[in-house]
Amino acid sequence: MKFGWDCVPIGSIAERIDRPEPPIAGQSYRQIGVRLWGEGAYERETIDGGDTKYKFLNKVESGDIIVNKIWARNGSVSLVTPELAGCYCSGEFPLFLPNKEKINPKWFFWITKTRWFWNLCDEKSRGTSGKNRIKPEKFLDINIPLPPLSVQDEIVSKIENLSLKSGLISELRESLLIDAQAMLSSAFHKLIEGAVYKPMSEVAPIVRRQIEITVDGEYPELGARSFGKGIFHKPTLIGAELDWQKLYTVHSGDLVLSNIKAWEGAIAAAGDNEHGRVGSHRYITCVPVEGVTTANFLAFYLLTQEGIEQVQAASPGSADRNRTLAMKRLEKIKVPVPDYDKQLWFNQLQSYVEKIKQAQSENATELEALMPSILDKAFKGELV
């Protein structure tokens, strides 16, 4: 990466620091860890001094640079925050004390969140023994950009201001999605007040469209994610590679349920993009009776607390993989059947909320790319 300033080795602005303490049985020690990919340091579980195999534990202080020897190549390097001061780490996490007369520790903190820095750690980790651990002296050899301290302070301030705004946007987006879902839930429960409940066999009977598999056939497959996260598309299956499998065609407007994961919300309505795709024998398709109910309405109900409890009751078993929803049990599940036109109105409301979710998802993708872009400009000297 081309930087806006001269680069210096970390060893010129930081030194190895050790604060060893022999662990004492009966005494508690807060532990620190470092997440991958620049996600920062965090507090792990507290341990008793008698439960560790290490002869010494290192005490960390606010502002320390902490490195995970094994995973530095995957971005497991960070700065110790004030909240984590007083925690302890093993020798697998070497500590370094930055010289505040030369570097703003937060300048280094933001460096740890860049891919180019992770790559440099990776280069220094290669060829060493023990799962490519980075040696402390190799870490100190890594070169980083270092403008004058006043410039570091100015850029850090700008980065933090932009980061704060990005965080506020994320919070607003999350709040909007929560409000939209709450509105949808409220509208649904008002809609089904006083509604008659009927068994699935009457309003959305099971329809199985088994297909004949040919050697030269191609079969685009689908699946349903758990926790109500909808349908997803799997790779296309090739007939010549299939032997014992049975495949069933899915049509737009079908209600699709995984018979082994319906109990945890693998339930969804098939749309136009799913029409003609296939599901394995593990997927049950129900076809709503025209003018009576719709797949979107049924999927929403079955994913409510009341609905999922019925699905779970119809999926007995002691282990997750054995909780199978049998077709006969599915047919007996009772669902609310309010006025059909009202259901269509609710489906339209669902569509509006889905558009909001889609827009927010696209915004989230753009937002995720924002900080890497900001940091790229920062270390090229383009934020001054």
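The values are calculated or read from the model by the stated rules, or taken from the named source; none is laboratory data. Quantities reported herein were computed from a predicted structural model and do not represent experimental measurements. Virtual Cβ from ideal backbone geometry, glycine too; neighbours counted across all protein chains shown.
A few notes on this one:
- Within the range 227-240, the set of residues being surrounded by 14 or more Cβ atoms within 10 Å (Cβ to Cβ) and of a type outside the set (D, E, K, R) comprises GLY228, GLY230, ILE231, LEU237, GLY239.
- Comparison of VAL311, VAL384, VAL335 shows that the only residue that is under 30 Å from GLY291 (Cβ atoms) and not in a helix (DSSP H, G or I) is VAL335.
- Selection count where residues are buried (at least 21 other Cβ atoms within 10 Å of the Cβ) and hydrophobic (A, V, I, L, M, F, W, C), scope the range 287-303: 6
Yes/no per residue for (1) out of contact with any helix residue (DSSP H, G or I) (no Cβ under 7 Å at 6 or more places or on another chain); (2) in contact (Cβ under 8 Å) with a residue 12 or more places away in the chain; (3) polar (S, T, N, Q); (4) within 17 Å of VAL337 (Cα to Cα):
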position: LEU247; (1), (2), (3), (4): yes, yes, no, no
position: TRP263; (1), (2), (3), (4): no, yes, no, no
position: ALA266; (1), (2), (3), (4): yes, yes, no, no
position: GLU274; (1), (2), (3), (4): yes, yes, no, no
position: GLY279; (1), (2), (3), (4): yes, yes, no, no
position: CYS286; (1), (2), (3), (4): no, yes, no, yes
position: THR293; (1), (2), (3), (4): no, yes, yes, yes
position: PHE297; (1), (2), (3), (4): no, yes, no, yes
position: LEU303; (1), (2), (3), (4): yes, yes, no, yes
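- Residues in the range 318-332 that are touching a strand residue (DSSP E or B) at 6+ places or on another chain (Cβ under 7 Å) and outside any helix (DSSP H, G or I): LEU325 alone.
- Hey, MET183 modelled with pLDDT of 95 or more and either more than 27 Å from TRP37 (Cβ to Cβ) or surrounded by 14 or more Cβ atoms within 10 Å (Cβ to Cβ) (or both) or not: no
- Here the condition is being modelled with pLDDT of 85 or more and in a helix (DSSP H, G or I); of GLN360, GLN343, it holds for GLN343 alone.
Rundown of residues vs (1) over 19 Å from LYS229 (Cα atoms); (2) in contact with a Lys or Arg (Cβ under 9 Å, 6 or more places away or on another chain), yes/no style:
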position	(1), (2)
ILE308	no, no
ALA313	yes, yes
PRO316	yes, yes
ASP341	yes, no
ASN347	no, no
SER351	no, no
ALA359	no, no
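- Note on the range 189-213: among residues that are closer than 30 Å to ILE238 by Cα and of a type in the set (A, V, I, L, M), the one that is surrounded by the fewest Cβ atoms within 10 Å (Cβ to Cβ) is ILE211.
The rows are residues; the columns are (1) at pLDDT 95 or above; (2) in contact with a helix residue (DSSP H, G or I) (Cβ under 7 Å, 6 or more places away or on another chain).
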position	(1), (2)
LYS2	no, no
TRP5	no, no
ILE17	yes, no
GLU21	yes, no
ASP48	yes, no
GLU61	yes, no
ILE65	yes, yes
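- Taking the range 8-84 and the strands (runs of 3 or more DSSP E) fully enclosed by it, the elements with 2 or more residues that are more than 23 Å from the chain's Cα centre (by Cα) and either assigned by TED's automatic domain parsing to the domain that holds LYS106 or surrounded by 22 or more Cβ atoms within 10 Å (Cβ to Cβ) (or both) are at 14-17, 57-59, 65-67.
- Taking the numbered list (1) closer than 30 Å to ILE169 by Cβ; (2) modelled with pLDDT of 95 or more; (3) of a type outside the set (Asp, Glu); (4) outside any helix (DSSP H, G or I) in turn, PHE300 passes all entries but (4).
- On inspection, GLU366 qualifies as acidic (Asp, Glu), modelled with pLDDT under 95 and in a helix (DSSP H, G or I).
- Looking across the range 129-179, the residues that are under 28 Å from the mean Cα position of the chain (by Cα) and free of Cβ contacts under 8 Å to residues at least 24 places away in the same chain come down to ASN161, LEU164, LYS165, GLY167, LEU168, GLU171, LEU172, GLU174, SER175, ILE178, ASP179.
- Any chance GLU382 is touching a residue at least 40 places away in the same chain (Cβ under 8 Å) and more than 24 Å from the chain's Cα centre (by Cα): yes
- Annotation: of all residues in the range 241-270 being over 25 Å from the mean Cα position of the chain (by Cα), at pLDDT 95 or above and not aliphatic (A, V, I, L, M), the one that is surrounded by the most Cβ atoms within 10 Å (Cβ to Cβ) is ASP254.
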